[in-house]
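In what follows, a structure is listed as structure tokens, so that the remarks can point back to it.
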Amino acid sequence: MDRLQEDVLRKVQEKDVHFIRLWFTDVAGTLKVVAISPAELENAFTEGIGFDGSAIQGLTRAHESDLVMHPDARTFRILPWYGNDETTGRMFCEILGPDGEPARSDPRSVLQRALDRASDLGFTFYAHPEIEFYLFHPETNPAAEPKPIDNGSYFDNVSRSLARNFRSEAVKTLESLGIPVEFSHHEAGPGQNEIDLRVSDALSMADDVMTMRVVVDQVALQQGVQASFMPKPMIGYPGNGMHTHFSLFEGDRNAFADPTGEFGLSVTARKFIGGLLHHAPYITALTNQHVNSYKRLCSGFEAPRYITWGKNAQAALVKVPSLRADKPKSARIEYRAIDSAANPYLAYAAILNAGLDGLENDYPLPEPADTDVSALTGLERKVQGIGELPGSLKDAITLMKTSELAASTLGEDAFAYFLENKEHEWAAYRLQVTPFERQRFMH
């Protein structure tokens, strides 16, 4: 047993922890939870907790059902919403096979493999997401039109909102869990909010994104509102994006920074962008995994639809944020397609591998967009070589099937399961008859 595990055992005893909740996700990004008593924790560290992996979506095949979860002591936190009477801790888990090797379909392991590839090249991968979500009045009928809790817009101070202290409570809770927040504010849609997490290594950040969703749901429950990370919950208003800033570091040096380069970007950064643009259509199913995701991408409100990049280009797929000359370590790129319902482990892994592939294969990088490409005609975009993200989950699945990069990133089993799961989602969606169709055609 290592020192971190011993520290956790000591904290559990000192804080009189009653339960430890072990967290991991399935391939679709759904959080899975197992609770154990403190008496079982030492054994969980040394031997792991066995379970039937075939019962978890996409985790393993039926004939390879035995898996073991090992708590990651680095992720131990006390969950503040349980109170002193039932003090509860949580840890994320590594999922291993009976041979002790990481389960290839575990999303956390998928990201770790991509990070190991980056490490072999001398890089550490950092992420900084801007996570959007809506707050609605509670509604027991999921088919009903959602009602936002306020009529605010971008940066508004909404003092009469049903949950006017929501963000402050969420931020305090996140910081009590060791998750630093950089910004929080009202977003452009009524009842829409954004919380930006401070930059961290990509694996810790993926854990933090999963934790942030739980925190937002808990605060919503306490304040009598409903939180939604649905990519496009309302017609005519912005969707929920998770624009994420990425950078590569070599030790303490930002590998994306070069004061002499265009926009302050290094050759490494430009090649990384080239890889992202090249692979973007093929990994969109991973960054935008639901049928509803494509209603966000095609509806405007600065959601990226076309495969472009540029400095401060709000509708570009890859944006280069402004860089202060005195802060070269802040050089980064912003990938704007990811939505708030994505599985962060798989999305970050695909983006990292796409960028690293750009470093190794030196794909041509088009000129940065300096105009609103959505205002161009289809012919003009074709002449300029501007591609488009897939317009539906079906299109995204079709493209992903042809991607060696997506297949190698996920591994054979997770790749096959993810595609099968999304095909089922598309098939179920095609059978639906919507209020829009009744309104337009039932006469």
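A few points about this structure:
- Screening residue 185 with (1) surrounded by fewer than 17 Cβ atoms within 10 Å (Cβ to Cβ); (2) under 22 Å from residue 136 (Cα atoms); (3) touching a residue at least 40 places away in the same chain (Cβ under 8 Å) gives one miss only, at (3).
- Search result, residues across region 157-191 that are assigned to a loop (DSSP other than H, G, I, E, B), farther than 24 Å from residue 235 by Cα and under 23 Å from the mean Cα position of the chain (by Cα): 177, 178, 179, 180
- When residues in region 119-132 are screened for being more than 17 Å from residue 330 (Cβ to Cβ) and within 13 Å of the chain's Cα centre (by Cα), 2 of them pass.
- Any hit, region 271-287, residues being at pLDDT below 95 and of a type outside the set (A, V, I, L, M): no
- Condition met for residue 367 (in a loop (DSSP other than H, G, I, E, B) and acidic (Asp, Glu)): yes
- Among (1) under 20 Å from the mean Cα position of the chain (by Cα); (2) exposed (fewer than 13 other Cβ atoms within 10 Å of the Cβ), the one test that residue 154 misses: (1)
- Boolean, residue 330 is of a type in the set (S, T, N, Q), modelled with pLDDT under 95 and outside the structural domain of residue 29 (by TED's automatic domain parsing): yes
- Any hit, region 403-410, residues being over 24 Å from residue 209 (Cα atoms), surrounded by 11 or more Cβ atoms within 10 Å (Cβ to Cβ) and charged (D, E, K, R): no
The values are calculated or read from the model by the stated rules, or taken from the named source; none is laboratory data. It should be emphasised that the depicted structure is a prediction, and the values quoted were computed from it without experimental measurement. Cβ: placed from backbone, ideal geometry, glycine included. Neighbour counts: every protein chain shown.
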